[in-house]
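Shown next, in structure tokens, is the structure this report addresses.
The values are calculated or read from the model by the stated rules, or taken from the named source; none is laboratory data. No experiment lies behind these values; they were computed from the predicted model shown. Don't worry about glycine lacking a Cβ; one is built from the backbone with ideal geometry, like all the others, and counts go over all protein chains shown.
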Amino acid sequence: MGSDRAGRDPRLRPGSGGGGLRGGRPGSRCVAAPAFNHAGAVVTAISVSGPASRVTRERLPEIGRRVTETARELTDLLGGPTP
């Protein structure tokens, strides 16, 4: 996803915790969150992916929280906006 599209996607705003539930392969799941630079542009992202048997729906909230926290830390290091 290019930064132009990400800038228009409300799920990818700072603090939104946007991410996906399905990975790129059948039977996998992925959670991702963007990191923003000083201008508020998406410049990178962090993700965790794995087989659905290990990245279960029950674990998604915790994994999502950790991914979002790490993306916020990256945003802080890049001088990005804090929610």
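Does any residue of region 41-51 turn out to be at pLDDT 95 or above, assigned to a loop (DSSP other than H, G, I, E, B), surrounded by 12 or more Cβ atoms within 10 Å (Cβ to Cβ) and touching a His at 6+ places or on another chain (Cβ under 9 Å)?
no
Where the second residue is at pLDDT below 95 and surrounded by fewer than 17 Cβ atoms within 10 Å (Cβ to Cβ) and the first is on the phi > 0 side of the Ramachandran plot and lies in region 33-56, which pairs have Cβ atoms under 6 Å and are six or more apart or on separate chains?
Hits for this filter: 40/81.
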